[in-house]
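Have a look at the structure below before the remarks.
The values are calculated or read from the model by the stated rules, or taken from the named source; none is laboratory data. Bear in mind that the values here come from a model prediction, so they are computed numbers and not experimental data. Using ideal geometry, Cβ is built from the backbone for each residue, glycine included, and neighbour counts are taken over all protein chains shown.
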Amino acid sequence: MRKLPGTALFAALLLGVAFVPAPASAAGAESYVVLLADGSALSSLAADPAVSVTHRYESAVRGYSARMTPAAAARLAADPRVALVQRDGVATIAAQSVPTGIDRIDAESSPTARINGVDERVDVDVAVIDTGIDLDHPDLNVHTAGAKNCSTGRSADDGNGHGTHVAGTIGAKDDTNGVVGVAPGARVWPVRVLNNNGSGSWSDIICGIDFVTAHANEIEVANMSLGGSGTDSACGSNKDAMHEAICRSVAAGVTYVVAAGNSAADSASFVPATYGEVITVSALADFDGRSGGGAAATCRSDVDDTFADFSNYGADVDLIAPGVCILSTWKGGGYNTISGTSMASPHVAGAAALYQATHPSASPAAVKSALQAAGTSDWTTSSDPDPAHEPLLRVATF
């Protein structure tokens, strides 16, 4: 996993030497770093019985670290053989991981995402129709005033983790901590339609779609990393209530991005993946964030740079995006690595958010066309189970 430039582990003047305090040799002893003046002998100073040496430095600098009292440190500082006596400090790692999926779709090159370790948030709203979102996750910009619970429980807080993971891929903050999403800092709306076990009814999901549609003047994109068995029907035919709800929501201006499904089957038998009004996303197995293949598998067995072995396929699929071993946010303020077309879909939802941030009047159909046009065939398309090879998401120009 690559690290963003920025805050890194450091250790004063000592080029990475760890400060490991030894037992104090006297009451009130503290850790200090001592640098010697040119020509001074290390042995003559380190032999002081009032000093408990913990490290000796002979290459990058000449000197040592030691436990001693402040009085002893003051005496050393006055010694002409000593160049510096410095109170020891504490170093910690404060770095943000760029998940492989973010790397693979070139989100770091997006002028709108501006992934540079500075918490500049993409001004866009994305509904996560899922298990809810961890409402106080520090790495997410959760629009808690826009939370809706259509499932069990008393709130839209995530008791499963799945929705929080999806939200992180869409918009985890670019704040040098944790991970970063495709559209960093985007406002994510928790729309809980699945319970803590990750299941829910069509009626619950329609409740969520209804809520999003009521806020279509605020929400640009909705992600649905969920699905079940079903077939397509025409808008207005009144053969599928969920489809009718999505038709009207899309007509209201909301771009819907959905997972293709994880049954290694044709998406034509799964809803909402088969609906023509949504952007349906299959999953790519990518283990290093780079094209070309050859990377070793990590969290699960698959072949790098190929169509994920579990992913649904077919003519209904519009784009492919990374969906294997994806690191993102998790419930309880944590992070987790999981796989599925559920993980591929939010990459595209984040991409749609980036596009809409600079094209606020774009229709859902125009967003879909723009994402497909910007995609690339730079993946092992021969691994696709069907002859229609969907483009791989790429957001460098958004």
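Just so you know, in the range 202-239 the residues that are under 22 Å from residue 340 (Cα atoms), among the polar types (S, T, N, Q) and assigned to a loop (DSSP other than H, G, I, E, B) include one that is modelled with the lowest pLDDT, and it is 231. Among all positions in the range 129-137, there is at least one residue which is surrounded by fewer than 19 Cβ atoms within 10 Å (Cβ to Cβ) and aliphatic (A, V, I, L, M). Can you spot a residue in the range 206-215 that is of a type in the set (Gly, Ala, Ser), within 27 Å of the chain's Cα centre (by Cα) and over 22 Å from residue 123 (Cα atoms)? Scanning the range 206-215, I find at least one residue that is of a type in the set (Gly, Ala, Ser), within 27 Å of the chain's Cα centre (by Cα) and over 22 Å from residue 123 (Cα atoms), so the answer is yes.
Only one of 155, 151 is surrounded by 17 or more Cβ atoms within 10 Å (Cβ to Cβ), assigned by TED's automatic domain parsing to the domain that holds residue 280 and more than 24 Å from residue 357 (Cα to Cα); which? Criteria check complete, one pass: 151.
In the range 293-306 there is no residue matching the filter, namely being assigned to a strand (DSSP E or B), closer than 30 Å to residue 194 by Cβ and in contact with an Asp or Glu (Cβ under 8 Å, 6 or more places away or on another chain).
This table checks each residue for (1) touching a helix residue (DSSP H, G or I) at 6+ places or on another chain (Cβ under 9 Å); (2) at pLDDT below 95; (3) not acidic (Asp, Glu).
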{"residue": "94", "(1), (2), (3)": "no, yes, yes"}
{"residue": "105", "(1), (2), (3)": "yes, no, yes"}
{"residue": "110", "(1), (2), (3)": "yes, no, yes"}
{"residue": "133", "(1), (2), (3)": "yes, no, yes"}
{"residue": "140", "(1), (2), (3)": "yes, no, yes"}
{"residue": "157", "(1), (2), (3)": "yes, no, no"}
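Report the residue count in the range 180-201 for those that are of a type outside the set (Lys, Arg), surrounded by 24 or more Cβ atoms within 10 Å (Cβ to Cβ) and either on the phi > 0 side of the Ramachandran plot or assigned to a strand (DSSP E or B) (or both). Summing the residues that are of a type outside the set (Lys, Arg), surrounded by 24 or more Cβ atoms within 10 Å (Cβ to Cβ) and either on the phi > 0 side of the Ramachandran plot or assigned to a strand (DSSP E or B) (or both) in the range 180-201 gives 4. Counting only residues that are part of a loop (DSSP other than H, G, I, E, B), under 42 Å from the mean Cα position of the chain (by Cα) and under 9 Å from residue 34 (Cβ atoms), the range 48-82 holds 0 of them.
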